[in-house]
């Protein structure tokens, strides 16, 4: 990680509230849709303190176009839950000795994605209302890695049926919603939402889906370590990210 990204990560973490974490109890789940309660008991979150900060590392593959070959990716990501924010930094190597770096951030209610070739030639710098909403939706989708945040005041749940529910997140005047699907054990298996996607210089709403698999234990919780992200386009499903969490830690002093 370069010095600038390290500085941004430290700044993001320091903005997180330093209030003492609350302990989650059975009463904390009262009023939630049944599949959400089943999921939070499965993880489990009852009896543990709320998560305020997260650091994780990923490896996987990424592509930008349909029928393009997959490119190897390594990434590191930081989250805070109060307020909701994240910083993601990844490196793709499309060819030997060639690298493309991406820095994706959501903080203070605003998102920004910067992509550079060889760390200094800027290829993209996306920002604006659609990016803000898209990044908040990404945060909602990735909360499966720190599930105590599903009980935060900025999340509202609505029941659908025995195996699905809608989560709505509100922050700094921005709202994003997604439908989560759960299996019989309680695991979250999929998230589907309408997300802004840039096409030919303009943003259009497209259905966006994330599939979560391979649940493993992390600090006493069961979380999915594999995720696949897909745009559901008129031409068909476009899978653009397949990744795996290879390291994760919560509320640790080393995060700062």
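The values are calculated or read from the model by the stated rules, or taken from the named source; none is laboratory data. All figures in this text were calculated on a predicted structure; none of them were measured in a lab. With ideal geometry, Cβ positions are generated from the backbone for all residues, glycine too; neighbour counts draw on all protein chains shown.
Any residue in segment 193-207 that is in contact with a helix residue (DSSP H, G or I) (Cβ under 8 Å, 6 or more places away or on another chain), within 23 Å of residue 56 (Cα to Cα), surrounded by 14 or more Cβ atoms within 10 Å (Cβ to Cβ) and at pLDDT 95 or above? Within segment 193-207 (the criterion being in contact with a helix residue (DSSP H, G or I) (Cβ under 8 Å, 6 or more places away or on another chain), within 23 Å of residue 56 (Cα to Cα), surrounded by 14 or more Cβ atoms within 10 Å (Cβ to Cβ) and at pLDDT 95 or above), the answer is no, since none of the residues qualifies.
Output the residues belonging to segment 183-192 that are surrounded by 14 or more Cβ atoms within 10 Å (Cβ to Cβ) and either in contact (Cβ under 8 Å) with a residue 40 or more places away in the chain or in a strand (DSSP E or B) (or both). Once the filter is applied, which keeps residues that are surrounded by 14 or more Cβ atoms within 10 Å (Cβ to Cβ) and either in contact (Cβ under 8 Å) with a residue 40 or more places away in the chain or in a strand (DSSP E or B) (or both), segment 183-192 yields 186, 187, 188, 189, 190, 191, 192. Inspection of segment 236-254 identifies no residue that is surrounded by 13 or more Cβ atoms within 10 Å (Cβ to Cβ), without any contact (Cβ under 8 Å) to a residue 40 or more places away in the chain, touching a strand residue (DSSP E or B) at 6+ places or on another chain (Cβ under 8 Å) and under 19 Å from residue 146 (Cβ atoms). Can you tell which of 216, 195 is touching a strand residue (DSSP E or B) at 6+ places or on another chain (Cβ under 8 Å), farther than 24 Å from residue 24 by Cβ and assigned to a strand (DSSP E or B)? Result: 195 is the single residue among 216, 195 that is touching a strand residue (DSSP E or B) at 6+ places or on another chain (Cβ under 8 Å), farther than 24 Å from residue 24 by Cβ and assigned to a strand (DSSP E or B). Taking every residue in segment 101-118 that is at negative phi and surrounded by fewer than 16 Cβ atoms within 10 Å (Cβ to Cβ) and pairing it with any residue that is outside any strand (DSSP E or B) and at pLDDT 95 or above, at least 6 positions away or on another chain, yields no pair with a Cβ-Cβ distance below 6 Å.
For segment 32-48, the set of residues classified as closer than 13 Å to residue 165 by Cα and over 20 Å from the mean Cα position of the chain (by Cα) consists of 32, 33, 34, 35, 37, 38, listed by residue number.
Summed over segment 79-100, residues that are without any contact (Cβ under 8 Å) to a residue 60 or more places away in the chain and under 13 Å from the mean Cα position of the chain (by Cα) total 1. You will find that of 115, 160, the residue that is touching a strand residue (DSSP E or B) at 6+ places or on another chain (Cβ under 7 Å) and at pLDDT below 95 is 115 and no other. Against the numbered list (1) under 26 Å from residue 69 (Cα atoms); (2) touching a helix residue (DSSP H, G or I) at 6+ places or on another chain (Cβ under 9 Å), residue 182 comes up short only at (1).
For residue 16, the conditions (1) under 30 Å from residue 230 (Cβ atoms); (2) surrounded by 14 or more Cβ atoms within 10 Å (Cβ to Cβ); (3) at pLDDT below 95 all hold with the exception of (1). Annotation for segment 167-182: no member residue is assigned to a loop (DSSP other than H, G, I, E, B) and either crowded, with 16+ Cβ neighbours inside 10 Å or without any contact (Cβ under 8 Å) to a residue 60 or more places away in the chain (or both). Checking 25, 30, 4 one by one, the residue that is loosely packed, with under 12 Cβ neighbours inside 10 Å and at pLDDT below 95 is 4 and no other.
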